[in-house]
Amino acid sequence: MEDGVTATQVVFWILAVVMLVSAIGVVTAGNIVYAALFFIAALAGVAGIYLILTVEFIALVQLLVYGSAVVILILFALMLTRARERPQALFGRSRPLGIAAALGLLAMLIGAIVATTWSTPETSAAIQPVGLQAIGDAIFTIWIVPFIIVGVLLSIALDGAIMLASPDEDDN
Amino acid sequence: MVLSEFAGVSMPDWIDALLRVVFIVALMTINAFALIYLERKILARLQARVGPTRTGPIGTLQSIADALKLVTKEDVRPITADRWAFELAPYMAFVPVFLVFVPIPFTETWFIRDLNLGLLYVFGVLGLNIVGVVMAAWGSDNKYALLGGVRAAAQAISYEIPMLLIIVAVVMVAAGRLAVDGDASMAGSINAIVGDQTTTPYILLQPLGFVIFMIGALAELHRPPFDMPIAESEVVGGYFVEYSGMRWGLFFLAEYTALFLMVMLASSIFLGGWNWPFGADVGLGLQIVLTLVKTSVMIVLVIGSRALFPRLRIDQLMAFSWKVLLPFAIVQVIANGIILAYGGADWVVGLVSFALLAALFGLIYQLMRQRKGEGARTVSTTPATPRVITAPDVTPVEAGGD
Amino acid sequence: MTTRSSSVTAEPAGSEPGPGSIADLYREVFPLISIDAALDKGGDVALTIPSDAIHEVLERGRSDERLQMNLLRNQTAVDWEDRGLELVYHLYSIPLRQAVAIKAWVPTEGAVVESVADLYQMADWAERECREMFGIEFIGHPDPRNLLLDEDIDIHPLRKSHPLAPIEMEQGVDVEFFTKQHPPPEPEEEAEEAAPAAAAPTRKRVEDMTEAEREERRAEQAERVARARELAKVRRAERLAGAPPAGGPRPEGAAPPPTPAPAAATEAPSAETAPSAPPRDDRPPAPPPPELPSIPDAEEDPEGRAAAQAERVRLGRELAAARRAQLRGE
Amino acid sequence: MVQRTFEGEVLTEPVVVEREFETVDMNINIGPQHPATHGVFRMVLTVDGEIVKDAIPYIGYMHRGGEKLSENLDYRGALGYQDRTDYLAAFNSEWVYVNAVERLAGVEIPERAEYVRLILAEFNRLLSHFMFMGAFGTDVGYFGTAFTWTFKERERIQDLFEAVCGDRIMYNYFRVGGLAWDPHETFVEDSHWVLDQVETGIGDVDELMTDNEVFVARCRDVGVMSAEDAISFGVTGPMLRASGVPFDLRVDEPYSIYDRFHWEIPVGERGDVYDRYLVRLEEMRQSVTILRQALDQMPTSGPIMPERMPARLRPEPGEIYMRQENPRGEYGIYMVSDGTDQPWRVKMRSPCFHNLSSLKPQVIGGYLADAVVALGSIDIVLCEVDR
Amino acid sequence: MPALEHILVVNAILFAIGAMGVLTRRNAVLILLSVELMLNAVSLNMVAFAVYGQVDFGNITGIVFAFFIIVIAAAEVALALGIVVRTFRNRATANVDEVNLLKW
């Protein structure tokens, strides 16, 4: 890391800027669909950073689950319901308070990060890419109970979502 | 390692990368031209017509004429359309398709890069192009486009799931086979899967997988009988109804490239790609010919489905995915897991899959029969006595005579 | 086989149907209603009944075991000019295979008839068409909008008082432009039409006119319409007399033919001079139709529209029920 | 300006208009320019997602005042106008008109002319049903295949018509009293050959559509109409027969020489779109049967016009309601004569007009895609609806 | 490779932006999106720790955590959207301030 700025670092910073700008877009856009589209860009940035961190599997799962499924779900809900214009406060009345709280949180986090001493590896070669098989082994041995619980949770959530979104029989 | 090996020269990485990009762009363009021409010709054959004949020898330059027309056409944006969503949508639909070319093997050594997670990559990235479709649908400010976009999104989500499950089933089989004489962790790589099919193409091991994959591919590509997002007679073309000129052309290009991609994937995963039946050491030329032959056959099948199938309804489409394909895919995954866990032979896997496939077809046929019921009957009724054919030669009388 | 050039009458009547025909059946079912029967050229029986008995006759004709007229196959009207409009309902019984035509006379202006859309759904559209084409008001109709014509047109094109060409003028077709494109062929025509045609470049479009100018224009058009009507009567009289039309084929389009000779109109036996036979009706007079509420536009006031429609239907039903009770109580 | 929220709360902060969303039914305007409306027909569908909640049909875009025009031409002059109402079954429409005039004027028609008329009208029924198969297939989603396959045989029939009368769509060949001229010499042989082709074509259509799983899934139990509803709406023709009512004017009120042939009436059971398709398909086969018999029975020579015909038709005052079985249902001409050479009143009772009025209850509650299929199954000709 | 501190700072900013969205936005869907941003920041942090070997029991753990977070986020989105759609049907609004049925 002593040999100045590497290409990876340049890519990382580009991705970080894209991600952060998109994130700001998500929380400030005046249009919900714009916010959702910004969200996709932010997710793509996160996926790119995963790639830089050599965890391709997580990056691809991120794309697959968030990129297509979640975002489509959101856009779907938006489009099935017609947009209409009406005067509506974009932000709550506690907006300055919220911003202040977020900034305080940020300051605290950055302070903590800077204050901590991290055991940085000496060279980038020391970072071993994590293989898919290792992840699989870990999930199906150490984390098998959480995995099953997540499976149950997913099916419950699926049922719940269907129940919630399906129209009542006595709606009309 | 495409070009450096082929040309026998070494070159800097960035030139190599650039050349690959150029190669892919050229391939996409030529492929789209060829596919459009082929589609028109094949459809014409199936529909008792002749197709394009006037432009160039037997109409071969028709696609180029079309492309020239598209490029020179005015690029219109509706005044109420959302500017950014409308203008960016074609690129959002196009770029993911372009990116998916990375792990596709044309021969044993011809690919951009062999990814360890190639299959996951393909579906993860390809799924993003639906975002472009949704942007186009919402940004056009057109109700037909919106309906088409909603349909496309629903369809894409629904059919991705059985397809992914089938891929899981295939990877299970591949991992079992690769563990014998290779690295089982490479089972996600498309090239490794192709390399394993020297003697047995996976269509024999996973016939159900092949069928579900092709059905899902038709749905992802918006091809009949799953073309309701772009149905002419219902939503007048769907999400790109407001597009014209080259932006519309980009959607078109993405569509045909995706068709080629899906067919390449299917032929790689299930038909043995460059490998089966000649093996890895027959040389580059024959491998390319093999790939082309397999893809061509599949393309003819896909295009033929357009001529011979009407269109499903959106609820039937969703029901077919969630109630028919998804259970079958899950059963296939579970069956594979059980058989492989207990060390079952390959032929057992194939047999079970064949049985499942037969059950699937039987179910579809049974559903159709049940729905169709009895046909129309003919009744012969006794004719009434004929009315007066010619008017009686009557003398007019005063009206109102009671 | 031969056709006779007859100038005696314009009556749409044939011979009285023989015994055992469906006319007797109807007379049996409806003893209180006066029914005139006639056989038409196709062998069908046409029954003429009073117009306020239409709903009654169709309703019971549909449910009666002997009639079972379940198919209303056609509904229309005929404009007999001074004698009024003749409503025609063609009925057919699919199970019994018998056909009949029910007719009724109504006045040309302000005709009000009870709708049969509650008996035959087919009458929904047919009555809408009849209403816009002839100006017959069907009370009790759920949705009396224009069907084939534009929403805002309230002329009645199939009446005989609307000759072909002037209708276009009434509808606001640019007469000056049309005249320039097709100059009138006859010389005397030119003399009359020359002034507006020459003034055409300076004339304004209808949208740009002031109210006074529009009034003037309307008057001018009304005059043309009146002339065209008169001409049509003369032509018809000529045809009735069997004389070949003057000047070869009849001129079509906007160019009005030569000024009609007033003498011809009086000499030729035309429809007005033909004997008119209003149907016999000895029964008590029908109560006057109630004031119908106007129907608001669907986009502005959907609830109000639905309410108004329901109110119209209710009023119509009430009126019909009262009339029926009156007839039965007789 | 004080800005308020939806609930009336006064906003004290800068406000951006945010696009709020709510679940509202969407109005979709289909037509008058739409690939599925078969002409200038418009319907406004209110949809909730994909379910149709309400449908308002609008017609009249093709209204040309045909009845008024016919009243202002003499009896023969208005004949050409009949081709322009139902342009897919022009011979049938012409036939009704000339029949009405002949009854009104009391003109006898030679037998050979009657046969030629019947043969041409039945051929026209085949032609019209082929057109239906193509258009309906396209509505259901065949990308052009149904059209090209059916048009193959349709072309043969049109070639035959062209040989007979010189025109392919607007024939104007029937005359009051008979025909314009004798058909060409090889008319019967040509007709038999065309019938062979047509039988192949019917088989092709049958194989393409009838047993296709997707086709069945799309058409079964869509646009169901009960027999009572159908009769109440004045629906006639194949649509009524699909609802289970064996009502065919050729049998129930026989006209012309239909009582000389033996054939059967196809009848549906459920009254849905698929039954309408099946009924039409079977009706084509029955038409072929009628045509074979008629071609065999037809006199090889003879007059095609009465010996004496008046130069100018002036029927006695009187009226007639002439109705015949057109491919789409009961086509009627109500004609009133006042003794002059122009009809006093001509009313065209067009089957599509009444068949189309039954569309609304068929589509409400179904899917948007079903509305298109139901509309296609009515087999409308807008020129005939609007007249 | 970028330094671990850099990644952590970027994540902290992303998390703060998400928190700001949650605190200031009024629309339920937008709040949902902001929560997703925060979740993303967290899972990115996990992966960074894992890859840079900061976790005691093997560097797999963080990655598995990220995997679980993504999976649960999907379930959460499905459920939350269901609730939002339901709220529309009943209250015709997506404004969380107006959904005050449980307030009193």
Legend entry - Single match in B:Val236, B:Val282 (criterion: among the β-branched types (Val, Ile, Thr), out of contact with any Cys (no Cβ under 6 Å at 6 or more places or on another chain) and under 22 Å from D:Tyr142 (Cα atoms)): B:Val236
Legend entry - Hey, B:Pro162 away from chain A (no Cβ under 13 Å) and closer than 30 Å to D:Leu368 by Cα or not: yes
Inset, instruction - Please find, among E:Asn40, E:Asn45, the residue that is under 21 Å from A:Tyr50 (Cα atoms), within 7 Å of chain A (Cβ to nearest Cβ) and modelled with pLDDT of 85 or more. - result: E:Asn40
Inset, instruction - Would you mention how many residues in the stretch B:54-74 are more than 21 Å from B:Ala44 (Cβ to Cβ) and either free of Cβ contacts under 8 Å to residues at least 12 places away in the same chain or loosely packed, with under 14 Cβ neighbours inside 10 Å (or both)? - result: 4
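Out of all the residues in the stretch B:62-99, which are among the aliphatic types (A, V, I, L, M), part of a loop (DSSP other than H, G, I, E, B) and in contact with a helix residue (DSSP H, G or I) (Cβ under 9 Å, 6 or more places away or on another chain)?
Quick first cut of the stretch B:62-99, residues among the aliphatic types (A, V, I, L, M) only: B:64-65, B:67-68, B:70-71, B:76, B:79, B:81, B:85, B:88-89, B:92-93, B:95, B:97, B:99.
Narrowing further to those that are part of a loop (DSSP other than H, G, I, E, B): B:76, B:79, B:81.
Scanning the stretch B:62-99 gives B:Val76, B:Ala81.
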Inset, instruction - Scan the stretch B:81-109 residue by residue and report those that are more than 11 Å from every other protein chain (Cβ to nearest Cβ), in contact with a Ser or Thr (Cβ under 9 Å, 6 or more places away or on another chain) and not small (Gly, Ala, Ser). - result: B:Phe86, B:Phe94, B:Val97, B:Phe98, B:Val100, B:Phe101, B:Pro103, B:Ile104, B:Pro105, B:Phe106, B:Thr107
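Can you tell me which of B:Leu360, B:Leu340 is touching a residue at least 40 places away in the same chain (Cβ under 8 Å) and away from chain D (no Cβ under 14 Å)?
Details: B:Leu360 fails: away from chain D (no Cβ under 14 Å).
That would be B:Leu340, the only listed residue that is touching a residue at least 40 places away in the same chain (Cβ under 8 Å) and away from chain D (no Cβ under 14 Å).
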Inset, instruction - Mind telling me which of the residues B:Asn142, B:Asn116 ends up being under 30 Å from D:Val47 (Cα atoms), of a type in the set (S, T, N, Q) and modelled with pLDDT under 85? - result: B:Asn142
Legend entry - Checking B:Phe226 against (1) outside any helix (DSSP H, G or I); (2) more than 29 Å from B:Leu357 (Cβ to Cβ); (3) not hydroxyl-bearing (Ser, Thr, Tyr), the condition it does not meet: (2)
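Are any residues in the stretch E:10-28 more than 17 Å from A:Tyr50 (Cβ to Cβ) and in a helix (DSSP H, G or I), and if so, which ones?
Of everything in the stretch E:10-28, those that are more than 17 Å from A:Tyr50 (Cβ to Cβ) and in a helix (DSSP H, G or I) turn out to be E:Ala12, E:Ile13, E:Ala16, E:Ile17, E:Gly18, E:Ala19, E:Met20, E:Gly21, E:Val22, E:Leu23, E:Thr24, E:Ala28.
Here's the yes/no breakdown for (1) at negative phi; (2) within 21 Å of the chain's Cα centre (by Cα); (3) modelled with pLDDT under 70:
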site	(1), (2), (3)
A:Thr8	yes, no, no
A:Ala47	yes, yes, no
A:Gly67	yes, yes, no
A:Leu78	yes, yes, yes
A:Trp118	yes, no, no
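Just to be sure, is E:Gly58 at pLDDT below 90 and at the interface with chain A (Cβ under 7 Å from one of its Cβ atoms)?
Taking the combined requirement at face value, the residue does not satisfy it.
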Inset, instruction - Give D:Val251, D:Val288, D:Val245, D:Val235 a once-over and let me know the one that is at pLDDT 90 or above and farther than 16 Å from D:Ser377 by Cα. - result: D:Val288
Inset, instruction - Please verify whether the stretch D:118-141 includes one or more residues that are surrounded by fewer than 24 Cβ atoms within 10 Å (Cβ to Cβ), at positive phi and among the polar types (S, T, N, Q). - result: no
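Would you point out which residue out of B:Val180, B:Val171, B:Val150 is among the hydrophobic types (A, V, I, L, M, F, W, C), more than 22 Å from B:Ile334 (Cα to Cα) and free of Cβ contacts under 8 Å to residues at least 60 places away in the same chain? Let's see the steps before the verdict.
On the way: B:Val180 fails: more than 22 Å from B:Ile334 (Cα to Cα); B:Val171 fails: more than 22 Å from B:Ile334 (Cα to Cα).
Sole residue among the options that is among the hydrophobic types (A, V, I, L, M, F, W, C), more than 22 Å from B:Ile334 (Cα to Cα) and free of Cβ contacts under 8 Å to residues at least 60 places away in the same chain: B:Val150.
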Inset, instruction - Only residues that are outside any helix (DSSP H, G or I) and touching a helix residue (DSSP H, G or I) at 6+ places or on another chain (Cβ under 6 Å): list them for the stretch D:133-147, please. - result: D:Phe143
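Would you mind finding the one in B:Leu259, B:Leu221 that is in the same structural domain as B:Phe123 (by TED's automatic domain parsing), under 13 Å from the mean Cα position of the chain (by Cα) and buried (at least 23 other Cβ atoms within 10 Å of the Cβ)? Let's see the steps before the verdict.
Working: B:Leu221 fails: buried (at least 23 other Cβ atoms within 10 Å of the Cβ).
Unique residue meeting the criteria: B:Leu259.
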Inset, instruction - Considering every residue within the stretch D:258-270, establish whether at least one is within 13 Å of chain C (Cβ to nearest Cβ) and out of contact with any Ser or Thr (no Cβ under 9 Å at 6 or more places or on another chain). - result: no
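For the stretch C:96-124, what are the residues that are assigned to a loop (DSSP other than H, G, I, E, B) and farther than 18 Å from C:Asp44 by Cβ?
Within the stretch C:96-124, the subset assigned to a loop (DSSP other than H, G, I, E, B) is C:96-97, C:107-111, C:115-121.
Scanning the stretch C:96-124 gives C:Pro107, C:Thr108, C:Glu109, C:Gly110, C:Ala111, C:Ser115, C:Val116, C:Ala117, C:Asp118, C:Leu119, C:Tyr120, C:Gln121.
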Legend entry - Filter result (of a type in the set (A, V, I, L, M) and either within 30 Å of D:Val47 (Cα to Cα) or facing chain A (nearest Cβ under 8 Å) (or both)) within the stretch B:119-139: B:Leu120, B:Val125, B:Leu128, B:Ile130, B:Val131, B:Val133, B:Val134, B:Met135, B:Ala136, B:Ala137
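Name the residue, out of E:Ile31, E:Ile69, that is assigned to a helix (DSSP H, G or I), touching a strand residue (DSSP E or B) at 6+ places or on another chain (Cβ under 6 Å) and either under 20 Å from A:Tyr50 (Cα atoms) or more than 7 Å from chain A (Cβ to nearest Cβ) (or both). Spell out how you get there, then give the answer.
Working: E:Ile69 fails: touching a strand residue (DSSP E or B) at 6+ places or on another chain (Cβ under 6 Å).
Being assigned to a helix (DSSP H, G or I), touching a strand residue (DSSP E or B) at 6+ places or on another chain (Cβ under 6 Å) and either under 20 Å from A:Tyr50 (Cα atoms) or more than 7 Å from chain A (Cβ to nearest Cβ) (or both) holds for just one of E:Ile31, E:Ile69, which is E:Ile31.
Yes/no matrix, rows are residues, columns are (1) in contact (Cβ under 8 Å) with a residue 40 or more places away in the chain; (2) touching a Ser or Thr at 6+ places or on another chain (Cβ under 8 Å); (3) part of a helix (DSSP H, G or I):
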{"residue": "D:Val198", "(1), (2), (3)": "yes, no, yes"}
{"residue": "D:Ile202", "(1), (2), (3)": "yes, no, yes"}
{"residue": "D:Glu207", "(1), (2), (3)": "no, no, yes"}
{"residue": "D:Val214", "(1), (2), (3)": "yes, no, yes"}
{"residue": "D:Asp229", "(1), (2), (3)": "yes, yes, yes"}
Inset, instruction - Please enumerate the residues belonging to the stretch E:1-28 that are within 7 Å of chain A (Cβ to nearest Cβ) and touching a strand residue (DSSP E or B) at 6+ places or on another chain (Cβ under 9 Å). - result: E:Thr24, E:Arg25, E:Arg26, E:Asn27
Legend entry - Count of the stretch C:1-58 residues which are within 11 Å of chain B (Cβ to nearest Cβ), modelled with pLDDT of 75 or more and part of a loop (DSSP other than H, G, I, E, B): 7
Inset, instruction - Those residues that are in a loop (DSSP other than H, G, I, E, B), away from chain C (no Cβ under 14 Å) and under 13 Å from the mean Cα position of the chain (by Cα), I need them from the stretch D:352-387; list them, please. - result: D:Asp379, D:Val381
Inset, instruction - Inspect all residues belonging to the stretch D:131-140 and state whether any of them is over 30 Å from D:Glu213 (Cα atoms) and aliphatic (A, V, I, L, M). - result: no
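Checking the condition free of Cβ contacts under 8 Å to residues at least 60 places away in the same chain and surrounded by fewer than 21 Cβ atoms within 10 Å (Cβ to Cβ), which residue from D:Arg42, D:Arg76, D:Arg64 passes?
Numbers: D:Arg76 fails: free of Cβ contacts under 8 Å to residues at least 60 places away in the same chain; D:Arg64 fails: free of Cβ contacts under 8 Å to residues at least 60 places away in the same chain.
The conditions single out D:Arg42.
The values are calculated or read from the model by the stated rules, or taken from the named source; none is laboratory data. Since the structure is predicted, the reported quantities are computational estimates derived from the model, not experimental observations. All Cβ positions, even for glycine, are placed from backbone atoms using ideal geometry, and neighbour counts span all protein chains on display.
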